[in-house]
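First comes the structure, then the notes that go with it.
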């Protein structure tokens with residue numbers, strides 16, 4: 001692999017890490033609207049659409065490659081990850097649509113007053129609970145990447161600031 005390719009891969013990994021951290025933090029904040037308050041919950045949830053689009057675009061090559069090979073040779077974990085990602089995408093879409101339908105702050109602020117039935121609220125509640133389970137599974141499947149990437153791009157650079165060169169060699 002060329003030096004430029006290694007730099008691009010490292011840059012992509014850093015970008016993926018920060019996008020994922022922001023999405024994860026936003027997800028945690030929006031999971032409890034009573035703590036974040038409804039305006040923060042609704043506007044932050046809507047902003048997560050942008051984060052998810054960025055996440056999908058960053059991973060687009062993987063999505064295309066696995067989609068093309070899904071019915072042929074594909075590793076078991078990759079196949080599970082692919083199916084889980086689709087379930088997560090569908091569930092996320094349900095969360096967003098139902099959230100828009102029950103919006104009390106964001107949509108009215110944009111001039112859209114949607115008068116809907118109780119079913120949208122129940123769908124929103126159910127789909128957010130499913131998302132929490134899917135997020136746990138998604139995190140478990142990517143745990144090695146998460147730990148390795150956080151260590152490489154967050155922990156190690158911080159340690160380099162505080163540990164003298166001679167000590168670094170003995171830690172490695």
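Bear in mind that the values in this text are calculations on the coordinates, not laboratory data. As the structure is a computational prediction, the values presented were derived from the model and not from experiment.
Is the shape of region 86-172 rounded, prolate or oblate, going by the alpha carbon gyration tensor and its root eigenvalues a ≥ b ≥ c, with a/c under 1.5 for rounded and a/b larger than b/c for prolate?
Prolate.
Relative contact order (percent) for region 74-148, with alpha-carbon contacts under 8 angstrom and 6 or more residues of separation?
40 percent
Can you tell me the 0 to 90 degree angle between the C-alpha axis of helix 38-58 and the longest principal axis of the chain, rounded to 10?
It is inclined by approximately 50 degrees.
Mind checking which of 137, 22, 161 has the largest fluctuation in a GNM of the chain, springs on alpha carbons under 10 Å?
In this elastic network of the chain, the residue with the biggest mean-square fluctuation among 137, 22, 161 is 161.
Report the percentage of all Cα-Cα pairs in region 11-96 whose separation exceeds 14 Å, rounded to a whole percent.
The calculated P(r) of region 11-96 puts 70 percent of pairs beyond 14 Å.
Checking the a/c ratio against 1.5 first, then a/b against b/c, what shape does the Cα gyration tensor give for region 108-148?
Cα axes put region 108-148 in the oblate bin.
Whole number please: convex hull volume per residue, Cα atoms of the chain, in Å³.
177 Å³
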